[in-house]
Structure formats: C-alpha cells, structure tokens
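Here is the structure we will look at.
The values are calculated or read from the model by the stated rules, or taken from the named source; none is laboratory data. Keep in mind the model is a prediction, meaning the values are calculated, not measured. Note that we place each Cβ from the backbone using ideal geometry, even for glycine, and neighbour counts take in every protein chain shown.
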Amino acid sequence: MVWQDVLFLVGSLLSVIVLVPAVRNANARIPLATSLPKMLLGGVYAITFASMGMYLAAGGLLATGVMWCLIAAYRSPSVGPAMRSRRLAAVVRPDRRRRLED
C-alpha cells in the first residue's frame, strides 16, 4: 500500500462526508450542470486509479461519484417534489414501485 493511495482515499471520504448534508437536506437544490459532471468525473477517476492499482483511492472516488449521483437524482431543481418522493419511496420500498408507476 502506497501513501498516495491512502491520501486519495482520505480526501475522497472527506468529500463524501461533506456531501451528506446536501443529500439529507430536502430543500437543497443543486443544478444538474454541477452534479452530473462531478458524478461522471468520480467514475472516470475511480476507473483510472483502479487501473493504476490504487484500489483504495478508486473505492473512495467511486463513493464520491455515488454521492453526486444521489444529489443529481434527489436534489436537482428540475426534479419536482412529487417525483422526488416517488423515487425515494421506490428506493426505500421496492415492492411499492409498481403501484407508484400506475
């Protein structure tokens, strides 16, 4: 394990911790023009670091990309409150998914 791998992991996990309030705050509105590029970059960086054998950093960056994905799905201004609650219900209770789509 190289120290750079651990350093990138710590930085990525710090990013995840900092993004938690945005995911939890129902009033937060973060534009897709911000969240989608950050989500894609997290995935690209994760693949890049994994290809260099830095699996800890890759895991941290993947977690950061997932957080940005959640922000894009639930905190975008283009997604209305009704759709947000439907998406959340479908995630929390998959058995209700079919009823929500009807």
Looking at L14, L62, which one is aliphatic (A, V, I, L, M), modelled with pLDDT of 95 or more and surrounded by 16 or more Cβ atoms within 10 Å (Cβ to Cβ)? L62
Checked the range 24-64 for anything among the small types (G, A, S), in a helix (DSSP H, G or I) and under 14 Å from F8 (Cα atoms); matches are G42, A46, A50, A57, A58, G59, G60, A63
Which residue, of I47, I30, I17, is free of Cβ contacts under 8 Å to residues at least 24 places away in the same chain and within 13 Å of the chain's Cα centre (by Cα)? I17
